[in-house]
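Everything on this sheet refers to the single structure shown next.
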Amino acid sequence: MVQNKEIIWDKYVAVTTAIIAVLAAIATLQAGANVSEMLLQKNNANLYQNQANKEWNTYLAQELVSLHENTSAGNIQAQKQAQLDLQDKTNALESKVSMATEKAQFYSARSNDLAVAGTLLDIAIALSAMSVLIRKKSFWLFSLLLAGVGVYFLTLGFI
């Protein structure tokens with residue numbers, strides 16, 4: 001009769017370990033995907049910042065040229081309109097920079113939560129395997145507790 005309980009307990013350990021392993025794989029995969037998205041958004045922020053700097057430098061150059069030229073009133077009006085257009089483009093690019101930076105921070109936070117989840121779930125797998133090897137049910141129960149915390153962080157990573 002004691003042998004039967006150990007077999008049943010071992011089966012529970014095997015099933016829960018398999019489930020924990022699948023969750024760990026999901027956490028790791030999603031953490032990697034979020035890191036990639038974070039890097040993409042950081043690159044976008046740099047690109048938009050460079051474009052904004054270029055537009056602003058063009059605006060400043062036109063401002064200097066207009067100060068040194070003696071131009072007619074109609075030409076001054078056209079230059080002022082061009083400068084306003086450049087300012088609008090620069091402001092739009094600055095807005096894109098801010099948005100891309102916020103997205104990068106969001107994906108970074110998600111990636112961190114998913115990395116913690118993956119780590120906790122991996123530790124839970126190891127403890128679960130150890131529980132079978134040393135025949136200590138307490139190790140398995142602790143692994144389930146760690147898996148629960150890992151699932152919490154996994155859930156945070158998807159929210």
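Assess whether Ser111 counts as being modelled with pLDDT of 80 or more, in contact with a helix residue (DSSP H, G or I) (Cβ under 6 Å, 6 or more places away or on another chain), of a type in the set (S, T, N, Q) and under 27 Å from Leu156 (Cα atoms).
Working: modelled with pLDDT of 80 or more: yes; in contact with a helix residue (DSSP H, G or I) (Cβ under 6 Å, 6 or more places away or on another chain): yes; of a type in the set (S, T, N, Q): yes; under 27 Å from Leu156 (Cα atoms): yes.
For Ser111, the condition - modelled with pLDDT of 80 or more, in contact with a helix residue (DSSP H, G or I) (Cβ under 6 Å, 6 or more places away or on another chain), of a type in the set (S, T, N, Q) and under 27 Å from Leu156 (Cα atoms) - is met.
Scanning the range 20-34 for residues that are hydrophobic (A, V, I, L, M, F, W, C) and surrounded by 14 or more Cβ atoms within 10 Å (Cβ to Cβ), we see that the one that is farthest from Ile123 (Cα to Cα) is Ala33.
Residues of the range 111-124 that are out of contact with any Ser or Thr (no Cβ under 6 Å at 6 or more places or on another chain) and either within 12 Å of Val151 (Cβ to Cβ) or buried (at least 19 other Cβ atoms within 10 Å of the Cβ) (or both): Ser111, Asp113, Leu114, Ala115, Val116, Ala117, Leu120, Leu121.
Screening the range 137-147 for residues that are open to solvent by less than 40 Å² (accessible area, probe 1.4 Å) and not aliphatic (A, V, I, L, M) and picking the one that is farthest from Asp10 (Cα to Cα) gives Ser143.
The values are calculated or read from the model by the stated rules, or taken from the named source; none is laboratory data. Treat the numbers as computed from the prediction; the structure is a model and nothing was measured. Using ideal geometry, Cβ is built from the backbone for each residue, glycine included, and neighbour counts are taken over all protein chains shown. The accessibility values were calculated without ligands, DNA or RNA, using every heavy atom of the protein model including side chains. Shrake-Rupley method; radii C 1.70, N 1.55, O 1.52, S 1.80 Å.
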